[in-house]
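Enquirer: One structure is given below, represented as structure tokens, and several questions about it will come after.
The values are calculated or read from the model by the stated rules, or taken from the named source; none is laboratory data. Remember, it's a predicted structure, so these values are computed and weren't measured experimentally. Here the Cβ positions follow ideal geometry from the backbone for every residue, glycine too, while neighbour counts run over all protein chains shown.
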Amino acid sequence: MVSKVTVRVPINIALIKYWGKKNEKLIIPCNDSVSLAIDDLYAETTVYFTTDGQDSVSINGKSTDLTAKPRFHNVFNEYRRTVNQPNIKIHVESRTNFTVAAGLASSAAGFAAIAFALGQLGNLSQDQTVRLARLGSGSACRSVLKGFVHWHAGTKVDTDEESTCDVIPSPEFWKTVRAVVFEQKNSEKDVPSTDGMQKTIETSSLFGHRVDKVVPQHVEDLKKAVAASDFEALGRVIIQESNQLHAVCLDTFPPILYLNDRSRALINFICGYNNKIGRLAAAYTFDAGPNCCVFIQEKDVKPFLQAFADKFEFDHALLPQSIGKLTTSNTEKQDLP
Ligand code: DP6
């Protein structure tokens, strides 16, 4: 039996945002979400088994206190149950090439990598792997597939069988889309997404409108834009989704403010840039943190970065860190010793 594997799994960035769970234990979201993966930013993770000792997890060389992180136990126990091996101990060594906990979907890549590795070791189906990733962190399940990944909320609250992922068919055109990530240094977020989204459900009156009306419309608009290779229509959905996530965060009590002055400077710059050139060339999105991800077509990357350099002074805190290719690969198995 193979008992050790190393995998590399990219972060995914939500174009349509997941925010809020209708079942916290099973991590079933209140609304559908859609993401793209960015190949250049990833978690590289080794998973192996022993028959004695305790489960262990180390992230970027630091050992994790598993008593404080029940999600790891949920994933490990679910794996042991699925493969009917109650006594194996699971060991994880993970490294990321980006800042953890800064609104760059680090938990997504981390748990997706663990699930993908366990899936390889236990010969799990794609749906089983997606489910394991989801039990670790909701957004992680979208990193198991590639392309435009649609995570469904499903209609049920007490069972997660409908809360699966599939891929929205996309024309070749989308392979020319790039992601430019502006990562701010020292930008670990104050309010973890898990807590933030729960507070939003409890206190925001805008949230219900978002779930019932706005997200279903955005999913439809996104699918149409993708099928028609219409970047501007997609960009509009991306920007409006990001804005609405941060609007419901502001509407939460006490308010949650993930964006900072630099984030807002970027928003102004990007809107001004699109306005100046007379079309929507750059679409920004922010998750639960101040880091900005800009989706842009390959042909526009150079002029966009030139305009950025003309406007902003050289500043380490606000530099494009990575210009990632999208959708070319996702979960990649490195070796099977
Ligand atoms: C803003 O997946 O981190 O990035 O399921 O509680 O672990 P949990 O939350 P998490 O939330 C991510 C929220 C988001 C939007 C998104 O990725 O869709």
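Enquirer: Inspect the range 56-72 for any residue being within 16 Å of the ligand (Cβ to nearest atom) and closer than 25 Å to His150 by Cα and give the result as yes or no.
Expert: yes
Enquirer: Give me the pairs: first residue in the range 151-173 and in contact (Cβ under 8 Å) with a residue 12 or more places away in the chain, second residue in a loop (DSSP other than H, G, I, E, B) and of a type in the set (Asp, Glu), beta-carbon distance under 7 Å, and six or more apart or on different chains, which are they?
Expert: Qualifying pairs under 7 Å: Trp151/Asp32; His152/Asp32; His152/Glu162; Ala153/Asp32; Gly154/Glu162; Lys156/Glu162.
Enquirer: Which numbered condition trips up Gln126, out of (1) of a type outside the set (Phe, Trp, Tyr); (2) touching a residue at least 40 places away in the same chain (Cβ under 8 Å); (3) over 20 Å from Tyr48 (Cβ atoms)?
Expert: It fails just one condition, (2).
Enquirer: List the pairs whose first member sits in the range 198-220 and is at pLDDT below 95, whose second member is surrounded by fewer than 20 Cβ atoms within 10 Å (Cβ to Cβ), and whose Cβ atoms are under 9 Å apart, counting only residues at least 6 apart or on separate chains?
Expert: none
Enquirer: Of the residues that sit in the range 8-39 and are surrounded by 24 or more Cβ atoms within 10 Å (Cβ to Cβ) and more than 10 Å from the ligand (Cβ to nearest atom), which one is farthest from Asp158 (Cα to Cα)?
Expert: Ranking the qualifying residues of the range 8-39, first place goes to Ile38.
Enquirer: Would you be able to tell me the number of residues in the range 115-162 that are among the polar types (S, T, N, Q) and within 12 Å of the ligand (Cβ to nearest atom)? Quick ask: steps written out before the conclusion?
Expert: Restricting attention to the range 115-162, the residues satisfying the condition of being among the polar types (S, T, N, Q) are 120, 123, 125-126, 128-129, 137, 139, 143, 155, 159.
If we keep only those that are within 12 Å of the ligand (Cβ to nearest atom) too, we end up with 137, 139, 143.
Count: 3.
Enquirer: Continuing with this model, one more query. Looking at the structure I just gave you, is Arg279 more than 22 Å from Ile11 (Cβ to Cβ), away from the ligand (no atom under 16 Å from the Cβ) and touching a residue at least 24 places away in the same chain (Cβ under 8 Å)?
Expert: yes
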